[in-house]
Amino acid sequence: MSNTVIRNIIRFFVLLALQGLFLKRVSDGWVTNSLYINIFLYPLFIMLLPLQTPRTGVLLLSFLMGIGVDLFYDSLGVHAAALTATGYARALFLSLYEPREGYKLNAKPTPGDLGMNWFLKYSGSMLGLHLLVYYSVDAFSPVYILDILTRTIFTFLSTMVAILIFVFIFMPKR
């Protein structure tokens, strides 16, 4: 197995364990009246997959990660649906933010390889879509649109901070 495959297998299990064993407990303690703030670090796995990963592989890994998180959260496929939708849209965001000269052959979707500006646009778009789908499927009704948008915004802010911390700690610039 190549070094990239091993690194991504480890990242899969580390993010799944971190989300299910630690971040779930943290967000359970933050429930107040109607504002619900979560930190969802697990979408970072799909964001950091190599650029040349085939779409079917991304979709399969998205579904597996989502089901794994659903097992920890006792939810019925909400995380799997949201992460699979995010994995499906990944190719769109990669093409949307592709540099003018194209991606380098072995470029990774990290701030070290493609720059902080690119990473913030890419990860922000991916996370925004993921959270919108997640809270929409969770509420399952357009009646709660204000609640969906509020939760999406607050969770987006807390999760982006966590993603940036994770990336800076575990993926320093070369």
For every other residue with a beta carbon closer than 10 angstrom to the beta carbon of LEU49, add +1 if it is Lys or Arg and -1 if Asp or Glu, then tell me the sum. +3
Rg and Dmax of segment 41-174, Cα atoms only, in Å: 15.0, 48
Report the one residue of THR53, VAL133, PHE93 whose Cα lies farthest in the direction of the positive end of the charge dipole of the chain (charges on C-beta: Lys and Arg +1, Asp and Glu -1; origin at the Cα centre). THR53
Using only the heavy atoms of the protein chains and a 1.4 Å probe, how would ARG11, ARG55 rank by accessible area, largest first? ARG55, ARG11
So, with points 7 Å from each Cα along the Cβ direction, the PHE170-PHE154 label distance in nm works out to 2.7 nm
Find out how many positive minus negative residues lie around VAL78, taking Lys and Arg as positive, Asp and Glu as negative, among other residues whose Cβ is under 10 Å from that of VAL78. -2
Could you give the length gained by full extension between TYR144 and ARG7, i.e. 0.36 nm per residue of separation minus their alpha carbon distance, to one decimal place? 45.3 nm
If you put +1 on each Lys and Arg Cβ and -1 on each Asp and Glu Cβ, how big is the dipole of segment 81-162 around its Cα centre, in Debye rounded to 20? 160 debye
Förster-model FRET efficiency, 30 Å R0, LEU94 and VAL26, C-beta, rounded to 0.05: 0.45
Can you give the helix-only mean residue ellipticity at 222 nm for the chain, where every DSSP H stretch with n ≥ 4 adds -39500 (n - 2.57) and the sum goes over all residues, rounded to the nearest 500 deg cm²/dmol? -21500 deg cm²/dmol
Counting Lys and Arg as +1 and Asp and Glu as -1, what is the net charge of the other residues whose Cβ lies under 12 Å from the Cβ of SER136? -1
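The values are calculated or read from the model by the stated rules, or taken from the named source; none is laboratory data. In this text the structure is predicted, and so the values were computed from the model without any measurement. Ideal geometry is used to build each Cβ from the backbone, glycine not excepted, and the neighbour counts take in all protein chains shown. To get the accessible areas, we keep the full protein, side chains included, count just its heavy atoms, and leave off ligands, DNA and RNA. Shrake-Rupley method; radii C 1.70, N 1.55, O 1.52, S 1.80 Å.
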